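In what follows, a structure is listed as structure tokens, so that the remarks can point back to it.
The values are calculated or read from the model by the stated rules, or taken from the named source; none is laboratory data. Please read all numbers here as calculations on a predicted model, not as lab measurements. Here the Cβ positions follow ideal geometry from the backbone for every residue, glycine too, while neighbour counts run over all protein chains shown. Keep in mind that these areas ignore ligands, DNA and RNA; they rest on the heavy atoms of the full protein, side chains included. Shrake-Rupley method; radii C 1.70, N 1.55, O 1.52, S 1.80 Å.
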Amino acid sequence: MSPTIGRVSLILGFIGLVIGGYAQKVTDTERRYRAGVKALQSGEYDRARNELQVVMQRGGSFAPYAYYYHADASFRQKKYPATRSTIKELIDHFPDWRKRGEAYYLAACAAMEQGLVDEALSYTDLITEAELRPDVERMERNFLSRITDLNRLKALQAQYPKDKTLAMALIDLIQESSTDKADLELSDRLTNRFGVTPTPRAPRPAPAAPPVEVAKPRPAVAAKTREKGTVNVGVMLPFRLDRFDPEDRSRTNQYAYDLLEGMKMARNKLFTEGITINLFAYDIDNDADQTLELLNNAAFGQNDLLVGPLFSEPNRLVADYALQNNVTLVNPISTSRDLIANHPTAYLAQPSTWQQAAEAVQFMKGQAIGRKAAVYFGNARKDSLLATAYAAELKAQGFQVVDYKRVSGKNMTLGIVETNKPNHVFFASSNEDDGVRMLDAMNRSGVVGPLVTTYPAFNYFRNSLATFTRRTLLMLAPEFMDLGRNATKLFEEAYIAKRAILPSVFVAQGYDLMLFFGRQLAKGSIKSRTNLVTSPEDDYVLSGFDYTQSNDNRIVPIIKFDGARFQKINE
């Protein structure tokens, strides 16, 4: 049974409250809203999504409910990524919606269905409504009981120490599978803290058959038959060719085409360096069966480099394949360290959330300011993850965190008192209106120290120059393109000449990724960590790569406005 079924009757009960008072004058928006909800109730999910999409685009009082029911329809169709994406849009557009707890719950269910347990717990952590707790706990028990990796459960419990259901799952697994003294002591501490009694489960039976095998390892002689300087690249992204419209640049997966376009531009440049790149694009969505079918195709074994896939289960399958076959795997946009854990051939092109936090704290540690900090975050999941990592790194580096909480809306309130003001504030937000609101909140609270924030927290076309100069304002900007660099100017000019539009950051990411890994593989230097680093003088559009210590990119640009333009200020 779907984990949201228990909430459906309660949610649909809001319909009469919302539309009951509008019987006398029904607008087209209301008619579409009612039609969408009715279609949802009758199981016509595609029709429901189509009707509700119009309401979402028009805005107004019906819009937040339309977002929710649209996500619900996606969930019932098992379109879990679409569910999570729509809920994110709902929270971004309506952060103060009075039923946001229901939205968090639905997003958590979708994340759990995809195996994204960390993401799911970050949503349930935000649910404060008491009436939702029984459903939340039931859903968490259902999914957490399936986890057999003790270290994973311990890591999750350390990140969400107040989650009683998670603690109980960890207690049960320790009692079932561990005799380690430290684990048993942890079980005792959790039992005492939450006042629960462990309920050991029967030992898990061994699988009746081995898991499905993917393609066999390539023979060692395969690489020798290739022409020197030739690199075959498999690009595994959700192109969704069955829904492709070449005239529609507003499609939600435009980033996939932009990444590929950037790689094609890099291929052309590498050809002038004597390196031949053969690109093979594979349309891979969130479909494990489709992924396995591809991995078992003998022709797939020709690839030296794999880019993607972007969804959890396909990525797990491809990561295992890459490790087994010694193939380099790069995730172009994810910031999750889980994707490279225990996979020495897998790399993150973008610095992970943890790496961003670590580099930012290290930078602030070198500044001539005190060791008190306040940490805040917006409504998006990635905001809370980055804030959590930053706060943990602050404590590890000897800082005191004087305030830590989610803030949103026009009148942000900080939990700062006169006797314990921070020397700097960190704010993670994906909402372009939140940066100015945080500056105003700091002024009202009398905080004079620097603000360290995320690049998407401001609208750089709408905000005045004074916004960026009235106090020390530092930004974490992994996507930073320094237009003062010649390499960036040439890249932008070439793209405009070809496409007649400015390149997105995804085009730049695909371009840099292909340049770097194409060169490393062509030279055979991918196995030497000392070679896996770029310099500021190199011809990359973004800030480059550094894998000298791990497969997580250490380059985390911190930028500041100098009165004329933004410039990177950290090494």
Provide the gained length on full extension for the span Asn192 to Lys162, in nm with one decimal, where the gain is 0.36 nm per separating residue minus the Cα-Cα distance.
9.5 nm
Order of 302-315, 514-527 by packing, highest average Cβ count within 10 Å first?
302-315, 514-527
Whole-percent carbon and sulfur contribution to the accessible surface of the chain (1.4 Å, no ligands, DNA or RNA) stands at 51 percent
Once each part is reduced to its C-alpha centroid, what is the distance from the stretch 293-323 to the stretch 480-548 in angstrom?
24 Å
Please get the size of the charge dipole for the stretch 440-487, origin at its Cα centre, with Cβ charges of +1 on Lys and Arg and -1 on Asp and Glu, quoted in debye to the nearest 20.
160 debye
Farthest towards the positive end of the dipole of the chain, among Ala71, Thr276, Asn253 and with Cβ unit charges of +1 on Lys and Arg and -1 on Asp and Glu, lies the Cα of Ala71
Starting at the first residue of the stretch 506-515, write each ³J(HN,Hα) from the Karplus equation 6.51 cos²θ - 1.76 cosθ + 1.60 with θ = phi - 60°, in whole Hz, x for Gly and Pro.
5, 4, 5, 5, x, 5, 5, 4, 5, 4
Charged-residue dipole, Cβ positions (Lys, Arg, Asp, Glu), the chain about Cα centre, Debye nearest 20
660 debye
Starting from the amide H of Gln397, placed 1.01 Å from N in the peptide plane, find each other amide H under 5 Å away whose residue is 5 or more places distant or on another chain.
none
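Summing -39500 (n - 2.57) over the DSSP H runs of n ≥ 4 in the chain and dividing by its residue number, what mean residue ellipticity at 222 nm do you reach, to the nearest 500 deg cm²/dmol? Please list the in-between numbers first.
Values: 20 runs with 256 residues, N = 571.
Taken over the chain, the calculation gives -14000 deg cm²/dmol.
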Rg and Dmax [Cα atoms of the stretch 514-571; Å; Rg one decimal, Dmax integer]
13.4, 44
Computed on Cα atoms only, the convex hull of the stretch 465-571 has an orientation-averaged projected area in nm² of 7.9 nm²
Quick one: if you stick a label point 7 Å off each Cα along the C-beta vector at Lys410 and Glu571, how many nm between them?
4.7 nm
More than 15 angstrom apart: percent of Cα pairs within the stretch 273-328
48 percent
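Determine by what factor the alpha-carbon radius of gyration of the stretch 334-481 differs from 2.2 N^0.38 Å, reporting the quotient.
The reported ratio for this selection is 1.04.
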Anchor Lys88: aspartates and glutamates whose Cα lies under 15 Å away (excluding residues fewer than 8 positions away in-chain):
Asp72, Asp96, Glu102, Glu119, Asp383, Glu432
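May I ask which of Lys523/Lys560; Lys489/Lys568; Lys395/Lys527; Lys365/Lys489; Lys164/Lys372 have a Cα-Cα span longer than 25 Å here?
Correct reply: Lys523/Lys560; Lys395/Lys527; Lys365/Lys489; Lys164/Lys372.
How large is Rg/Rh for the chain, to two decimals, with Cα atoms and a Kirkwood Rh?
0.96
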Using the reciprocal of the averaged 1/r over all distinct C-alpha pairs, how large is the Kirkwood radius of the stretch 396-532 in Å?
18.3 Å
DSSP-defined antiparallel bridges as percent of all bridges, the chain, nearest 5
15 percent
With every protein chain present, what is the per residue accessible area of the chain (1.4 Å probe, Å²)?
47 Å²
Starting from the 7 Å offset along Cα-to-Cβ, what nm value, one decimal, do you get for the label separation of Arg47 and Val448?
6.6 nm
Normalised by the empirical 2.2 N^0.38 Å for globular proteins, what value does the Cα Rg of the stretch 416-462 take?
1.18
If we count every other residue with Cβ under 13 angstrom of Thr472's Cβ, Lys/Arg +1 and Asp/Glu -1, where does the sum land?
+2
Segment Asn268-Thr148, extension gain: residue separation times 0.36 nm, minus the distance between their alpha carbons:
38.5 nm
Per-residue HN-Hα couplings for the stretch 181-189 [Karplus 6.51, -1.76, 1.60; θ = phi - 60°; Hz; x = Gly/Pro]
4, 5, 5, 5, 5, 4, 4, 5, 4
Which order do peptides 461-469, 544-552 fall in by mean Cβ count within 10 Å, highest first?
544-552, 461-469
